[in-house]
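Contents: one structure, followed by commentary.
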Amino acid sequence: LSALVDKSLLRHCTVSGRYDLHELVRQYAEEQLNASTVDAVQTRYRHTGYTMNLLQRQWPDLTGERPREALDIIEREIDNIRAGWRWGVALGVIDDIGKGLDSLWFFYDTRGWYREGVQSFEMACEIMEAKNIFFALYEESSNTISYPYFEDELHPAVKSRNLRGGLTEKVIDK
């Protein structure tokens, strides 16, 4: 790796410890990958699986004792997660997308990235049979949950409700 860094083909970030490809190298690698449709699809499928599994592994920490650490991991990997999500949707791999769904929703909701969350989940809704997505806001003073965005083709829209012990409440308790 150090030889590639010396030749400016890779950049090393001392803060994160990560390496980034020079943009021209990344473009060349993408061209080479796209030269073989089979290789490109297999690589993108594996990338989707990797990123959705990463999200799935964060769920116990997000809802457990280490939500901050899990959120930081997701934020560090968000560019890879976005790409994996887009490829998963394009490839129609619903099961893989489903693995990352809860953690990605939690991330977008907790970080307040609602617009990106809506865009990502709307993209996924195009390949799923049932469309349901919502963002919940907890109102501590009234002990209620309101829904500024709610879409569910199987259930009527909900404006707000009292707490009642569901998954959203478990997330709020953390």
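Couple of notes before you dig in:
- Search result, residues across the range 1-57 that are of a type in the set (A, V, I, L, M, F, W, C) and in contact with a Gly (Cβ under 8 Å, 6 or more places away or on another chain): M52, L54, L55
- Entry remark, the range 1-37: residues being among the β-branched types (V, I, T) and open to solvent by 90 Å² or more (accessible area, probe 1.4 Å) number 3 in total.
- Condition met for I133 (touching an Asp or Glu at 6+ places or on another chain (Cβ under 7 Å) and at pLDDT below 85): yes
- Flag for D109 being under 20 Å from the mean Cα position of the chain (by Cα) and of a type outside the set (V, I, T): yes
- Residues of the range 66-106 satisfying the condition of being of a type in the set (A, V, I, L, M, F, W, C) and over 10 Å from the mean Cα position of the chain (by Cα): A70, L71, I73, W87, V89, A90, L91, V93, I94
- Qualifying residue in the range 91-101 (condition: on the phi > 0 side of the Ramachandran plot and at pLDDT below 90): yes
- Restricting the range 136-156 to residues that are open to solvent by 50 Å² or more (accessible area, probe 1.4 Å), within 29 Å of E75 (Cα to Cα) and of a type in the set (D, E), the residue that is modelled with the lowest pLDDT is E151.
- Residue count for the range 40-97 satisfying the condition of being loosely packed, with under 15 Cβ neighbours inside 10 Å, outside any helix (DSSP H, G or I) and free of Cβ contacts under 8 Å to residues at least 40 places away in the same chain: 2.
- Tally of residues being open to solvent by 90 Å² or more (accessible area, probe 1.4 Å) and modelled with pLDDT under 70 across the range 157-169: 1
The values are calculated or read from the model by the stated rules, or taken from the named source; none is laboratory data. Everything numeric here is computed off the predicted structure, so don't read it as measured data. Every residue, glycine among them, receives a Cβ derived from its backbone with ideal geometry; neighbour counts consider all protein chains shown. Keep in mind that these areas ignore ligands, DNA and RNA; they rest on the heavy atoms of the full protein, side chains included. Shrake-Rupley method; radii C 1.70, N 1.55, O 1.52, S 1.80 Å.
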